[in-house]
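Visitor: One structure, as C-alpha cells, below. Some questions next.
What follows is calculated from the coordinates using simple rules that are stated; it is not laboratory data. Just so we're clear, the structure is a prediction, and the values are computed from it rather than from any experiment. For neighbour counting, all protein chains shown are included, and Cβ atoms are generated from backbone atoms with ideal geometry for every residue, glycine included.
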Amino acid sequence: MPLIESKRDVDTLSMTFVAEFDADVERVWQLWEDPRQLERWWGPPTYPATFDSHDFVVGGRSAYHMTGPDGELFRGWWTVDAIDAPHRIEFTDGFADENGEPADFAEPSHGVVTLEEVAGKTRMTVVSTFANAESLEQMLQMGMEEGMREAIGQIDAILASQPVI
C-alpha cells in the first residue's frame with residue numbers, strides 16, 4: 001500500500017496523509033489534473049466520486065459527488081487557491097447542497113498537496129486544515145481519516161494503467 005503515514009494534529013487542526021508511488025511526479029500530478037483519473041480514487045471504494053466539473057486553474061471551481069452504497073449522493077466542491085505544477089496544489093474543500101452550492105452544515109477545509117521526488121519515487125503529502133476543533137472532530141466522526149486511507153489505496157492501480165493525456 002502506498003500510504004506511509006497518516007496523522008491528525010489537534011494543535012494545528014490538521015490531518016496529514018503521506019504516500020509514495022512508483023511513478024514520476026508528472027504522472028502523479030495527472031491524478032489531480034485529470035477529472036477522470038481523480039474520480040477513480042478521490043472517494044473510498046464504497047463511496048466512489050464523480051466530478052461533474054473540474055476547472056483546474058487558480059480561481060477555478062470543481063463540483064463532485066460521492067455515491068454511497070445505498071445510492072445516496074454526498075456533494076462537494078473545491079476552489080483552487082494556488083497551483084505550482086507539477087509540485088503543489090492548494091484548494092478549499094467543502095460540502096455542497098443538491099444544487100451544488102456550498103452547504104452550511106460544515107465549515108470548508110483548506111487542502112495543500114505537495115508532490116516531490118524521493119529516492120526514485122513520488123512522495124505525495126496531503127494536508128487538510130480545519131477552521132476549528134469542532135470541524136476537525138466532525139470530519140473524523142464522518143470517517144474522513146479512514147476514507148482517505150482507502151481512497152489513496154486505490155492510486156497504485158490507476159498509476160499502473162495507461163495515463164490519460
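Visitor: Considering amide H positions built from the backbone, and no H for Pro or chain starts, which residues 5 or more places from A103, or on another chain, come under 5 Å of its amide H?
Guide: Long-range HN contacts for A103: F95, A96, D97.
Visitor: Also: Taking only the alpha-carbon positions of the range 1-53 and ignoring solvent, what does the Debye formula give for the base-10 log of I(q)/I(0) at q = 0.26, 0.29 Å⁻¹?
Guide: Debye output, listed in q order: -1.07, -1.09.
Visitor: Name the most mobile residue of E20, E98, E145, meaning the one with the largest mean-square fluctuation, in a Gaussian network model of the chain with Cα contacts below 10 Å.
Guide: E98
Visitor: Which value does Rg/Rh take for the chain over its C-alpha atoms, Rh per Kirkwood?
Guide: Details: Rg = 15.0 Å, Rh = 16.0 Å.
A ratio of 0.93.
Visitor: So which residue, out of M139, M148, M15, gets the largest mean-square fluctuation from a GNM of the chain using Cα contacts under 10 Å as springs?
Guide: Ranking M139, M148, M15 by mean-square fluctuation puts M139 first.
Visitor: Quick check: net charge around P86, other residues with Cβ under 11 Å of its Cβ, Lys/Arg +1 and Asp/Glu -1? Walk me through the numbers on the way to the answer.
Guide: Numbers: positive: R27, R88; negative: D24, E26, E33, D84, E116, E117.
Surrounding charge for P86 is -4.
Visitor: Hey, rough spin-label estimate for E134 and E116, points 7 angstrom out along Cα→Cβ, what's it come to in nanometres?
Guide: Modelled inter-label distance: 3.6 nm.
Visitor: Moving on to the next point. For the range 151-160, what does the Karplus curve 6.51 cos²θ - 1.76 cosθ + 1.60, with θ = phi - 60°, yield as ³J(HN,Hα) per residue in whole Hz, taken in order and with x for Gly and Pro?
Guide: Working through the residues one at a time gives 4, 4, x, 8, 5, 3, 5, 5, 5, 6 Hz.
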